Amino acid sequence: MNDIKRLFITGLVTLIPVAITMLIFYFFISYLGSIFRPLLSSHPLLHNLPVPLLSVFGFILLLVIILAIGGLTEGLFGRWFLQLIDDALARIPLVRDVYGSARQLTQSIFVDKKSLRKTVLAEYPRKGCYAIGFLMVEERIDLGNNKKGIFVFLPTTPNPTTGWLALLPEDEVIETDMSIEQGLKLVVSGGVVFPEEVKKWKLDGKKFASPK
């Protein structure tokens, strides 16, 4: 009986990571692949294909387009064209504010990670519920009553370029020992990929402590 139990647990330990990985990839492929699914289904050679297969083709097409755009923008013509788009959008009211903020945030997260100061925990959206966040500026805001606040960006999963900006009292923001890369992996994976140190975290009231 003990041997059967051991084999069963070994099988679970082997299959669960594979299953979780497949679920994450299924989410990405089905969600992102649906962007081009209507276009692909309109093609006479593809419209009879099953929806899941169309999603796979749509996902592959999206990857090809992203790689192509990345390759083009690295060249002289691509940089010129990108600058042309930036200048054009910068002239459109309202659009320039949204585009500028989105571009700056994306650049900060994926290119210039130095713009992200620290990975933190914050009690959000309610007390006792901790969310992963990033401290992007360390300037303190006067909240009155001898209290200081800081702006914390709270990203969404699995897309860390969207989220909420919250002004929180600094004594409610807990600095972690996670690097920016580890924090991003934790957010993007939905908690599946996280450092071993996280298992040792201890939250003692408002104070964060990680055993040495």
Checklist entry - Normalized C-alpha radius of gyration of region 2-110, against 2.2 N^0.38 Å? => result 1.64
Next on the checklist: Counting other beta carbons within 10 Å of each residue's own, what order do Leu61, Leu186, Leu82 fall into, fewest first?
Outcome noted: Leu82, Leu61, Leu186
Item to check | Ordering of 167-180, 141-154 by burial proxy (mean other Cβ atoms within 10 Å per residue, highest first) | outcome: 167-180, 141-154
Checklist outcome for this item: The relative contact order of region 116-209, taking Cα pairs under 8 Å that sit 6 or more residues apart, comes to a percentage of 25
Checklist entry - For region 116-209, what's the radius of gyration and Dmax over Cα atoms, in angstrom? => result 13.0, 40
Checklist entry - For region 116-209: lysine pairs with Cα atoms under 22 Å, gap of 8 or more or different chains, count? => result 24
Checklist outcome for this item: Taking placed amide H atoms and a strict 5 Å upper bound, the residues 5 or more places from Lys118 or on another chain that come that close are Leu135
Next on the checklist: Within 13 Å, Cβ to Cβ, of Leu12, how many net charges do the neighbouring residues add up to if Lys/Arg are +1 and Asp/Glu are -1?
Outcome noted: +2
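Here, each number is a calculation from the coordinates, and none is a lab measurement. Predicted model, so just to flag it, every value in this text is computed and none were measured. Cβ: placed from backbone, ideal geometry, glycine included. Neighbour counts: every protein chain shown.
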